[in-house]
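Read through the structure below, which is laid out as structure tokens, and then see the notes.
Read-outs: derived from the displayed coordinates by stated rules, not from any lab. Computed from a predicted model, the values in this text were never measured in an experiment. So basically every Cβ, Gly included, is an ideal-geometry build from the backbone, and we count neighbours across all protein chains shown.
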Amino acid sequence: MSWILAIPAFLSLAALTSCVSSEAAAPDPATAASAPANAAPEVVAVEEVAPAPAPTPVAVMNTRFSYSGELTQGGYIRGLAPDGTVQASLGENTLDIAEDGTFFAAFDRDSGGSIALTATLETGQLVREQLTISPREWQIQRVNIARRPGGSSAAFRARRQPELDAIWDARQMETGATGWTQDFIWPVKGRISGLFGRQRIYRGEPGGYHSGIDIAPGNGVPYVAPADGVVVLARSGFSLEGGLVIIDHGGGLNSAFLHSSRIVVEEGQTVRQGQHIGNVGSTGRATGPHLHWSLKWHLARLDPLLFVGPMN
């Protein structure tokens, strides 16, 4: 006879349950051995990420003229040409553009009410701006007499022509001076005996206008350079101007000083603003001692008063 040992069903389930629970609760031997209860938490190194570089700024092209000054008859402007300018002009006059793009330009005493400022760029683009030039009230004297007939003797013309040639040649010189960038000062202070632009009208026929400003401080008073420049003419004995000094301020701008009793500079000499260049006199065609100061930009005649303002 065979005997079969009967195991109670509840005992078998309990043993099975106990076995499963023991496996789930048992720690991993490796973990238990390497991680003490009081061990510090593990620090995980995080790779640093470099910040993205700032974007390279994009250069903004200057595509227009900028300028300031006296936009009136006998006035001027100083300005900055558009980027990439290869040639620029005011009306028919070509502008001298400095390496930094700056320039000087001016308006004749009889300038019309509008004039074009243009630039040709490297790209071939044409930049054009129309400037409005305000008119001025000139000191006009109307006289009811006929104007004297023009003309002069052959002897005077023969003497005068070399003087005119010397003045013309001096004013065409390009010395690279940069005095045009400065705020001008008075060459001498004294009574203003003649204003720029004044004119006589003879029975409706206009005579020539006064091309500069006359200052009468007294005979022999020293006068100075109103701005930096290079002496391009310094001679005595001119039939009308007498002792004459012309200074190139660069940019097509120059000063002339007439009727000097003494000249203390030489042609080709560089002078600084405020430097003594001569003494007031009455040489040439003058009715009394005074300094006639005139300014020209190419062929345009300018009012010195607009460069220096009222005399203090």
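Before moving on, here are some points about what is shown:
- A viscosity of 1.002 mPa s and a temperature of 20 °C, combined with the Kirkwood radius over Cα pairs in Stokes-Einstein, give a translational diffusion coefficient for region 140-308 of 130 µm²/s.
- Packing-based exposure ordering (other Cβ within 10 Å, fewest first) of TRP186, TRP180: TRP186, TRP180
- Cα shape, region 155-241, gyration tensor, a/c 1.5 rule: oblate
- Taking a ≥ b ≥ c as the square roots of the Cα gyration tensor eigenvalues, region 64-195 comes out prolate, since a/c reaches at least 1.5 and a/b is larger than b/c.
- Residue order, fewest to most beta carbons within 10 Å, for LEU253, LEU306: LEU306, LEU253
- Selection from GLY124, THR72, THR94 lying farthest towards where the dipole of region 66-132 points positive, charges on Cβ: THR72
- Likely footprinting exposure, VAL245, VAL232, VAL271, VAL308, fewest C-beta neighbours within 10 Å first: VAL308, VAL271, VAL232, VAL245
- Positive minus negative residues near ILE140 (Lys, Arg vs Asp, Glu; Cβ under 10 Å): +2
- Cleavage-rule hits, GluC sites (Glu not before Pro), region 96-177, DSSP coil, Cβ neighbours within 10 Å at most 15: GLU99, GLU122, GLU137, GLU174
- Taking the Cα centre of region 66-132 as origin and assigning +1 to Lys and Arg Cβ atoms and -1 to Asp and Glu Cβ atoms, the resulting dipole is close to 180 debye.
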